[in-house]
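Have a look at the structure below before the remarks.
The values are calculated or read from the model by the stated rules, or taken from the named source; none is laboratory data. Not measured: the values here are computed from a predicted model. Heads up, the Cβs are rebuilt from the backbone with ideal geometry, glycines too, and the neighbour counts pull from every protein chain shown. Surface areas here come from the heavy atoms of the whole protein model, side chains and all, with no ligands, DNA or RNA. Shrake-Rupley method; radii C 1.70, N 1.55, O 1.52, S 1.80 Å.
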Amino acid sequence: MNTKEKANIRLAIIEKIERFKKNIETFKKLSQPVEPDNAIGRITRMEAINSKSMNEAALVKSTNTLDKLHRCLKKIDDPDFGYCMNCEEAIPFKRLLIMPEASLCVPCAQKINQG
């Protein structure tokens with residue numbers, strides 16, 4: 001990976017970090033407890049509780065991804081950055097640009113997901 005590609009990936013990581021920080025704040029607000037309210041009907045309250053559960057799951061997933069992005073930003077200058085943890089081949093630049101936290105190439109990720 002050349003210096004220009006690494007700079008582009010660094011920028012993509014920083015942009016994703018900012019986007020995930022904003023998403024996490026939104027999910028935190030949407031994950032607040034659902035208060036029993038007389039104005040809300042039974043079905044609507046159940047929908048609100050279900051929506052809260054989905055937002056909590058999205059919050060956990062976003063927080064985990066944010067942690068991975070921070071670790072990725074710290075390791076971007078390491079010589080093994082951008083190499084698959086499984087087969088040790090280079091992860092394509094376009095994959096890292098889209099998903100900089102990826103630690104597997106597509107074939108290895110597919111094998112693990114199928115297995």
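Against the test of being more than 18 Å from residue 5 (Cβ to Cβ) and of a type outside the set (D, E, K, R), the options 66, 96, 73 yield a single qualifying residue, 66. Could you list, in sequence order, all residues of the range 1-29 that are over 11 Å from residue 100 (Cβ atoms) and β-branched (Val, Ile, Thr)? Result: 3, 24, 26. For the range 86-109, state whether one or more residues are free of Cβ contacts under 8 Å to residues at least 40 places away in the same chain, of a type in the set (Gly, Ala, Ser) and open to solvent by 80 Å² or more (accessible area, probe 1.4 Å). Within the range 86-109, not a single residue is free of Cβ contacts under 8 Å to residues at least 40 places away in the same chain, of a type in the set (Gly, Ala, Ser) and open to solvent by 80 Å² or more (accessible area, probe 1.4 Å). Condition check for residue 56 on (1) more than 23 Å from residue 12 (Cβ to Cβ); (2) loosely packed, with under 12 Cβ neighbours inside 10 Å: one failure, at (2). Scanning the range 1-33 for residues that are open to solvent by less than 50 Å² (accessible area, probe 1.4 Å) and among the charged types (D, E, K, R) gives 6, 16.
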